[in-house]
Amino acid sequence: MSVESKVGLRVKSYRENLGLSPEDLAARCGVDISVVKAVEAGEVIPALGILTKFSRALGQRLGTFMDDQFKPDPVITRAADLAAGTVGGRAVSGSEYTYQSLALGKPDRHMDPFHIVLKPGEGEKFSSHEGEELIICIDGEVELRYGEETTVLKPGDTAYYNSVVNHALRALGGRNATIYGIVYFPA
């Protein structure tokens, strides 16, 4: 089963368990109904911002939609495994990036860490949700739009912010940018 199908089936299952229609979920998330239908049909992997909205609307952790297994602590992700396990695709929001969870198999986590490769393009649309985020730029240049401010991150730079403020990321310079992103949701 593809990653797209697994994510879609989980979103649909949690939605149905709450007695919500696809239209109800779309309204709760503030997304178009076509996004919900495309995700549930396994046609796309939603952008992290959209997946975050689904997780909050359905009362689940972000990682719930991607985890397949349980691993005892510590959960180790080897650098050599990042390319082999990267989840990719064109994001529903129109931005292009690939991402991989760095905590798959840890069901009791309170943070969701990701390895993310931003591809050149228009960039992610603004997102906002409960919690906090830490972005660590590894390679390339990343533009962070946070509220009315715009900041450029270069390798080694970090940004830590409150996620309820509208924010968006994009790669600059016509080439990919690599970041680690850690998302925390309050219980």
Filter segment 7-32 down to the residues that are exposed (fewer than 14 other Cβ atoms within 10 Å of the Cβ) and more than 19 Å from the chain's Cα centre (by Cα) and list them by number. SER13, GLU16, ASN17, LEU18, GLY19, SER21, GLU23
Sort out which residues of segment 154-165 are under 20 Å from LYS119 (Cα atoms) and within 19 Å of the chain's Cα centre (by Cα), and write them in order of number. THR158, ALA159
Scan segment 146-154 and tell me whether some residue there is free of Cβ contacts under 8 Å to residues at least 24 places away in the same chain and on the phi > 0 side of the Ramachandran plot. yes
Check off (1) more than 28 Å from GLU23 (Cβ to Cβ); (2) in a helix (DSSP H, G or I); (3) at pLDDT 75 or above; (4) not acidic (Asp, Glu) for LEU82 and give me the number that stays unchecked. (3)
Any idea which residue in segment 113-139 is surrounded by the fewest Cβ atoms within 10 Å (Cβ to Cβ), counting only those that are in contact with a helix residue (DSSP H, G or I) (Cβ under 9 Å, 6 or more places away or on another chain) and assigned to a loop (DSSP other than H, G, I, E, B)? GLU130
CYS137 fails exactly one of (1) within 16 Å of LEU51 (Cα to Cα); (2) among the hydrophobic types (A, V, I, L, M, F, W, C); (3) modelled with pLDDT of 95 or more, namely (1)
Name the single residue that is modelled with the lowest pLDDT among those in segment 140-187 being among the small types (Gly, Ala, Ser) and assigned to a loop (DSSP other than H, G, I, E, B). ALA187
Residue check for VAL92: in a loop (DSSP other than H, G, I, E, B), of a type in the set (A, V, I, L, M, F, W, C), within 16 Å of the chain's Cα centre (by Cα) and at pLDDT below 80: yes
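The values are calculated or read from the model by the stated rules, or taken from the named source; none is laboratory data. Here the structure is a predicted model, which means the values were calculated and not measured. Note: ideal-geometry Cβ built from the backbone for every residue, glycine included; neighbour counts use all protein chains shown.
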